[in-house]
1. Rounded to whole Hz and in sequence order, give me ³J(HN,Hα) for the stretch 150-162 from the Karplus expression 6.51 cos²θ - 1.76 cosθ + 1.60, θ = phi - 60°, writing x for Gly and Pro.
2. Using Cα pairs under 8 angstrom and six or more residues apart, how large is the relative contact order of the stretch 48-180, in percent?
3. Students often check this: by mean Cβ neighbours within 10 Å, which of 84-92, 166-174 ranks highest, and how do the rest follow?
4. Ranked by Cβ crowding within 10 angstrom, fewest neighbours first, how are K186, K165, K60 ordered?
5. Quick one: net charge around G93, please, counting Lys, Arg +1 and Asp, Glu -1 for every other residue with C-beta under 13 Å from its C-beta.
Amino acid sequence: MFRRMLLVALAVLAVTAATSQAQDSRVELSGTAGWTFADGVSGQSVNVPGVGIFDRIDPKDAFSWGARLGYNLNENVEIGFLFNQQSTSLEIGGTSTVEFGDLSIYNYHGYFAFNFGDYDASARPYILVGLGATQYGSVNVNLAGAQRSVDGNTRFSGTLGAGLKLFPGPRFGLRLEGRWTPTYIKSDAAGWWCDPFWGCYVVGDSQYANQYELSGGVILRF
């Protein structure tokens, strides 16, 4: 479903770009590659005899890559859509760490960016904020000689980044970026809260899986 959303978003942006004048060069197509530092969530401890006690599940830090298509509404304001993938593995941790299986994480975000400086400047810092979803792919694991599959899941997520665009020429540029993507996973009961108007209710402690990506890439303007 989300791959279809990506294609639709790219098609909408392409149509929008086609209606602008060719000399405006308002469209920016980018490809990036980098490294993502990732973490997961904690939970109730599970004792596996002879192996250890486990209370965490985390993706490993790994290589990541992405693509994005942006459209400059004016000299400073940009909207667009980005896709990112991290191919990694899932680990369970506690008194020891055990690799559970291979995992692919996909990010789909519509974004708003503000670019500082003039449009034709050779260096342009920017900030970016986006909303969308993070999809965790299925994990295949071998348990006691039997092959099993753990279903994937998709969760709401946001993304926040800052970076620098460098343009040695009017149509070609380089991108350096740091980006944080928190994904809501679950809430644990943290206790009771009481007030005179609403009574007493259980409050939750939200847990997020985080991805911190450092990346670089190329930009094509057209």
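Bear in mind these aren't lab numbers, they're just calculated from the coordinates by the rules spelled out. Here the structure is a predicted model, which means the values were calculated and not measured. Heads up, the Cβs are rebuilt from the backbone with ideal geometry, glycines too, and the neighbour counts pull from every protein chain shown.
1. My calculation for the stretch 150-162 gives 9, 4, x, 8, 10, 10, 5, 8, x, 9, 9, x, 8 Hz in order.
2. Details: 317 pairs, mean separation 24.0, N = 133.
After rounding, I find 18 percent.
3. On the way: 84-92: 19.2, 166-174: 12.7.
Descending packing order for the listed peptides: 84-92, 166-174.
4. On the way: K186 13, K165 22, K60 16.
Exposure proxy ranking, most exposed first: K186, K60, K165.
5. Numbers: positive: R56, K60; negative: D39, D55, D58, E91, E99.
After counting each charged neighbour, the total is -3.
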